[in-house]
Amino acid sequence: MGHKSDEELINSYLSTGDPAIFEDIFRRYRSLVFGVCTKYLDDKNDSMDATMLVFEKILNLKPSKPIRDLPNWLFTLTKHTCLDYIQKQRKQVTLQKNYEQEKINDPQSVENEEFVRLLNEDESKPNESDLKNAIAALDEDQKTCIELFYFKKMRYKQIAEVTGITEKQVKSLLQNGKKRLKTLLLKNQKKS
């Protein structure tokens, strides 16, 4: 094939789409692109991911005009790819923090997770009949709160309004109801 200049190489690839030419570009520039990514991302794994993104962009590139200064063009493409990568990482971190904060601020989601954990805790999950019997054996207020909260998906405030019980009492009844349910379910499993 002979040694082509950078510009001949990239423009030849862009006009033909020849995978062999793309491999030459990749071999010639992967270290440079990885180095720029490392400068911006400061993490080896992220830098490898971003390097692959840069070459993926080149692979799918459909430019309107020839590229005249490949190293400069590639540096700019790499820089923008890294900045986009950083932006996406920040968004993911922000979303994760928001989700975690919501969980902390919403005790109801924690309650739901604990209830699901309670039902899935043992290897032998309680069947629907056992669960209904255990719920029926709860104190009336506990049973009402459990049914409204877990099965009707009502919030503490809604349960308080419907039952006339304070939100604090609703939380307490749910907590104690779950403990009692666990005891009843475990007792029932030992009988089986």
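The values are calculated or read from the model by the stated rules, or taken from the named source; none is laboratory data. Quick caveat: nothing in here was measured; it's all calculated off a predicted structure. Note that each Cβ is placed from the backbone with ideal geometry, even for glycine, and that neighbours are counted across all protein chains shown. Accessible surface is based on the protein model in full, side chains and every heavy atom, while ligands, DNA and RNA are left aside. Shrake-Rupley method; radii C 1.70, N 1.55, O 1.52, S 1.80 Å.
Per-structure values
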{"read-out": "Distance (nanometres) between label positions extended 7 Å along Cα→Cβ at Q175 and T163", "value": "1.4 nm"}
{"read-out": "Nitroxide proxy distance, nm - points 7 Å out along Cα→Cβ at M48 and L95", "value": "2.4 nm"}
{"read-out": "The stretch 1-75, accessible surface, carbon-and-sulfur percent (1.4 angstrom probe)", "value": "53 percent"}
{"read-out": "Separation of the L32 and H3 label points, Cα + 7 Å toward Cβ, nm", "value": "1.5 nm"}
{"read-out": "Efficiency of FRET from Cβ geometry, K62 and I86, R₀ 30 Å, rounded to 0.05", "value": "0.70"}
{"read-out": "Of K44/K91; K62/K97; K97/K132; K153/K179; K97/K187, those spanning more than 28 Å from alpha-carbon to alpha-carbon", "value": "K62/K97; K97/K132; K97/K187"}
